[in-house]
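Working notes, beginning with the structure itself.
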Number of protein chains: 2
Amino acid sequence: MDPSQMLSRSEDAEQFLKQLSNKTRLMVLCSLLDGERSVTELLDKVPVTQPVLSQHLALLREAEFVATRRSGQTIYYRLADERITQIMNLMYTFFCAED
Amino acid sequence: MDPSQMLSRSEDAEQFLKQLSNKTRLMVLCSLLDGERSVTELLDKVPVTQPVLSQHLALLREAEFVATRRSGQTIYYRLADERITQIMNLMYTFFCAED
DNA sequence: ATGTAATATTAGTTAAAGCTAATGTTAGGG
DNA sequence: CCCTAACATTAGCTTTAACTAATATTACAT
């Protein structure tokens with residue numbers, strides 16, 4: 001591969017991985033692996049304050065890793081990027097698979 | 001999964017991903033996908049100064065993502081973690097695969 | 001219209017990552 | 001022994017990520 005292309009692709013990959021490299025965001029994404037969840041449900045699983053969770057959700061939305069659906073006052077989040085699903089499944093096997 | 005276990009595993013995963021989330025380290029690891037390379041060879045592929053490359057190599061060594069072999073004054077680096085091989089192959093398909 | 005539940009945003013501070021510049025180590029050649 | 005090549009380390013500075021605290025928005029019920 002030509003050097004400038006390698007650089008620009010590694011910059012894209014860096015950006016992608018950085019957006020993933022946070023325990024709160026990983027817990028959120030992991031929780032979404034088996035379907036959509038509301039913010040309140042996520043708050044119940046992820047040990048952070050509401051504003052902090054909301055900040056991380058904003059980042060995941062901007063990255064388009066997740067998408068939302070509103071139902072009344074409740075907002076449901078779901079995975080929206082096939083790459084995220086794949087990499088989260090891989091991370092699950094690395095860090096969460098049974099012995 | 002119990003909440004404290006989920007937290008500690010996501011902390012491990014965060015650490016793992018952060019060590020990967022850098023364009024220079026990604027270029028190095030990508031270059032090692034098809035075999036070992038000396039520092040000089042890596043310098044030829046990766047557009048950074050020698051001390052910066054060396055700092056990133058030190059981090060990759062401490063993370064045990066890579067291992068080294070010395071031959072005279074030359075030090076050869078190779079991949080040393082199967083998880084890295086897997087995830088780098090995945091990143092390659094996401095960011096570098098031919099349309 | 002007022003109140004409350006659910007969620008989002010903004011400003012300010014702190015901590016961690018990455019760079020530059022200088023210097024150190026190790027191995028081999030003359 | 002001295003010099004050079006190959007590589008590593010350290011200190012100081014700058015940038016970026018993440019948290020806290022306070023406040024704002026949106027939807028629904030009374």
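Across region A:56-73, the number of residues qualifying as among the basic types (Lys, Arg) and either without any contact (Cβ under 8 Å) to a residue 24 or more places away in the chain or assigned to a loop (DSSP other than H, G, I, E, B) (or both) comes to 2.
Only one of the listed residues (A:ARG69, A:ARG37) is more than 13 Å from chain B (Cβ to nearest Cβ), within 21 Å of B:SER4 (Cα to Cα) and away from DNA strand D (no atom under 11 Å from the Cβ). That residue is A:ARG37. Can you tell me which residues in region A:19-57 are of a type in the set (D, E, K, R) and either under 27 Å from B:ALA97 (Cα atoms) or more than 10 Å from DNA strand C (Cβ to nearest atom) (or both)? Of everything in region A:19-57, those that are of a type in the set (D, E, K, R) and either under 27 Å from B:ALA97 (Cα atoms) or more than 10 Å from DNA strand C (Cβ to nearest atom) (or both) turn out to be A:LYS23, A:ARG25, A:ASP34, A:GLU36, A:LYS45.
Report the residue count in region B:47-86 for those that are small (Gly, Ala, Ser) and more than 14 Å from B:LEU29 (Cα to Cα).
Residues in region B:47-86 being small (Gly, Ala, Ser) and more than 14 Å from B:LEU29 (Cα to Cα): 2 in total.
Assess whether A:SER31 counts as being among the hydroxyl-bearing types (Ser, Thr, Tyr), in contact with an Asp or Glu (Cβ under 9 Å, 6 or more places away or on another chain) and not in a strand (DSSP E or B).
Values: among the hydroxyl-bearing types (Ser, Thr, Tyr): yes; in contact with an Asp or Glu (Cβ under 9 Å, 6 or more places away or on another chain): yes; not in a strand (DSSP E or B): yes.
Judged against the criteria, A:SER31 is a match.
Here A:PHE16 passes the criteria (1) within 15 Å of DNA strand C (Cβ to nearest atom); (2) surrounded by 13 or more Cβ atoms within 10 Å (Cβ to Cβ); (3) in a loop (DSSP other than H, G, I, E, B) except the one numbered (3).
In region A:82-95, is there at least one residue being part of a loop (DSSP other than H, G, I, E, B) and either open to solvent by less than 30 Å² (accessible area, probe 1.4 Å) or aromatic (Phe, Trp, Tyr) (or both)?
no
For beta carbons closer than 9 Å, sequence separation of 6+ or different chains, a first residue in region A:37-55 that is touching a residue at least 60 places away in the same chain (Cβ under 8 Å) and a second that is surrounded by 13 or more Cβ atoms within 10 Å (Cβ to Cβ), there are no qualifying pairs. Identify the residue in region A:17-34 that is more than 7 Å from chain B (Cβ to nearest Cβ) and hydroxyl-bearing (Ser, Thr, Tyr) and, among all such residues, is farthest from A:LEU90 (Cα to Cα). It comes out as A:THR24.
Out of A:SER10, A:SER4, one residue alone is farther than 21 Å from B:ALA13 by Cα, small (Gly, Ala, Ser) and within 9 Å of chain B (Cβ to nearest Cβ). It is A:SER4. The set of residues in region B:72-99 being more than 16 Å from DNA strand D (Cβ to nearest atom) and more than 14 Å from the chain's Cα centre (by Cα) consists of B:THR93, B:PHE94, B:PHE95, B:CYS96, B:ALA97, B:GLU98, B:ASP99.
The values are calculated or read from the model by the stated rules, or taken from the named source; none is laboratory data. Everything numeric here is computed off the predicted structure, so don't read it as measured data. A quick note on method: Cβ atoms are made from the backbone with ideal geometry, for glycine too, and the neighbour counts reach across all protein chains shown. The accessibility values were calculated without ligands, DNA or RNA, using every heavy atom of the protein model including side chains. Shrake-Rupley method; radii C 1.70, N 1.55, O 1.52, S 1.80 Å.
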